[in-house]
Amino acid sequence: MCSVQSRLSPSQPDQRLSQAETLLRQGRLLEANALCQQMLAARPNCPETLNCLALIQQQQGQWFQAEQSLRRAIQAAPGYAAAHRSLGKILSAQNRHEPAISAFRQAIQLQPDATNASIHLGRLLRKLGRLPEALQAYRHAAAHRRHDPQVHYETGSLLAEMDQADEAIMALQAAYQSHPDDDETIKLLGVLLHRQGRIQEARDLLGQALFQRGGTGRALPLLQHWRCLMPDDPIAGFRLAAWFGHETPTRPCEAYVTDLFDRYADHFDDHLDQLEYRAPTVLAQRLAAVLGTPAQCWRILDAGCGTGLCGPLLRPFAAHLTGVDLSPRMMEKAGERGGYDALVLAEMTAFMAAHPKEYDVIFSTDTLIYFGDLEPPLRTASVALAPGGLLAFTVEQLADNAGEFRLNPSGRYAHSRVYLEHTLRAAGLTLLSIDSTVLRLERNEPVNGYLALVSKLDAHGDR
């Protein structure tokens, strides 16, 4: 007979027991059963073997035999907590609720820090509607498993059912911190935050989860949940359009762009290095070829300046260099980098419309890709340019036979050359040059785009 300590299972004297447990996990029940029977032939009352056999018999649907095996184990070793816990699970599965509750409580008394029994007890009591007792069981488990996301999730879910929203949020936040990839935790936590009027926290939570998932299939249930929770939220609507082909808007809302780049700011420059991002350098070279020898004599607007990557490229030509962007976090980074005479937190089309004829040069890399309809940014750029001024910009490339523009799963728009030329003419701008090039890599594939240099004619039709 196996020796058994009063509370805990001892080390196994027979390696065949671990083999039987492995076979059980693999679903090879007949082999596992046969191996346990061999061990019991030599040691008829070994509680560990009897416990393993009971779990096998349960899987085989032999409920009576499983219960008898466990009662033999408990008779041989009354202090063996695992057998009491297994008995509770078998009794609970047969809806023998009160004996199951007694078995779980006995297991907890024998081994308080082995929390599986507390979790099973909590689930059973919750099923029976005995919510305060269930909460006590879950809190016992949480006290011993402080970093177990499942314990915290079930505790939070129960607290939500009991209308204890603030405590539920705390439990679910603990679950999220331990397992930030769990959809059910995110959904329930979002609902409770929203219900408590903590709308921005709910949006931040869902937005961060979606940012990490990208346009994968795993994002769709969360997006649908977000739309159900906040039907008019523009960020969720735009991501649905970009990733899953819902109705295409002509541009994302400002909230989407701000949210995206605020999350991106801390890693933006490093990420662009990994993508071999070359658009600012190449576009600046095209501009320099027209401006000539660097001389700080031009009034330049960096439209969509981001973290200020283009500042060092433009500074040698600028008497006054202004950066404008929607993202507060990006603007902070641009301020840290330095080189600008002014940094303005604003939506760029509104800013340009409010500053007529103030700039000799407007430089915009990877900003117009967040507009589908290019009429507003090109028209307001024309307003902001002085006569003879230059606009240099990039867009992602779309085949001319694919329409005017398309929203890609990346959340960025691509534009056809025919559409570009038409929209530039309508804005009173003249195309000086347009070149096709690789802007960056995406999933190790080249992203093709256009580098465009445009002028605003003066009253005599000259630059």
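Things to note:
- Test result for L313, over 28 Å from the mean Cα position of the chain (by Cα), in the same structural domain as L439 (by the TED database) and touching a residue at least 24 places away in the same chain (Cβ under 8 Å): yes
- Scope segment 54-75; condition more than 20 Å from L121 (Cα to Cα) and either in contact with a Ser or Thr (Cβ under 7 Å, 6 or more places away or on another chain) or surrounded by fewer than 18 Cβ atoms within 10 Å (Cβ to Cβ) (or both); matching residues: Q57, Q59, Q60, G61, Q62, F64, Q65, Q68, Q75
- Any chance L431 is modelled with pLDDT of 85 or more, in a helix (DSSP H, G or I) and either in contact with a helix residue (DSSP H, G or I) (Cβ under 9 Å, 6 or more places away or on another chain) or crowded, with 19+ Cβ neighbours inside 10 Å (or both): no
Every residue, every condition in (1) farther than 18 Å from D325 by Cα; (2) in contact (Cβ under 8 Å) with a residue 40 or more places away in the chain; (3) in the same structural domain as F317 (by the TED database); (4) not small (G, A, S), yes or no:
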site: G388; (1), (2), (3), (4): yes, yes, yes, no
site: L391; (1), (2), (3), (4): no, yes, yes, yes
site: Q397; (1), (2), (3), (4): yes, yes, yes, yes
site: R440; (1), (2), (3), (4): yes, yes, yes, yes
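- Conditions (1) of a type in the set (S, T, N, Q); (2) touching a residue at least 24 places away in the same chain (Cβ under 8 Å); (3) assigned to a helix (DSSP H, G or I): number failed by Q285: (2)
- Positions within segment 352-377 being over 14 Å from A414 (Cα atoms) and in contact with a Phe, Trp or Tyr (Cβ under 9 Å, 6 or more places away or on another chain), in sequence order: M352, Y359, D360, V361, I362, F363, S364, P377
- Figure legend. Inter-residue proximity from segment 107-119: first residues farther than 15 Å from G79 by Cα, second residues assigned to a helix (DSSP H, G or I) and of a type in the set (A, V, I, L, M, F, W, C), beta-carbon distance below 6 Å, spacing 6+ or different chains. Indicated pairs: T115/A141; S118/I108; S118/A137; S118/A141; I119/A141.
- Condition broken by C228, with the remaining ones in (1) assigned by the TED database to the domain that holds K333; (2) modelled with pLDDT of 70 or more satisfied: (1)
- For segment 241-262, the set of residues classified as at pLDDT 70 or above and of a type in the set (A, V, I, L, M, F, W, C) consists of A255, V257, L260, F261, listed by residue number.
- Residue match in segment 183-198 (condition: out of contact with any Leu (no Cβ under 6 Å at 6 or more places or on another chain) and within 22 Å of E254 (Cα to Cα)): yes
- Some residue of segment 385-401 being under 27 Å from the mean Cα position of the chain (by Cα), within 16 Å of R251 (Cβ to Cβ), surrounded by 14 or more Cβ atoms within 10 Å (Cβ to Cβ) and of a type in the set (D, E, K, R): yes
- Residues of segment 263-293 satisfying the condition of being modelled with pLDDT under 80 and more than 20 Å from D435 (Cβ to Cβ): R263, Y264, A265, D266, H267, F268, D269, D270, H271, L272, D273, Q274
- Set side by side, the residues G338, G308, G304, G323 differ, and just one is surrounded by fewer than 20 Cβ atoms within 10 Å (Cβ to Cβ) and more than 15 Å from L429 (Cβ to Cβ), which is G338.
The values are calculated or read from the model by the stated rules, or taken from the named source; none is laboratory data. Since we're looking at a predicted model, the values are computed, not measured. FYI the Cβ positions are ideal-geometry reconstructions off the backbone, even for glycines, and counts take in every protein chain you see.
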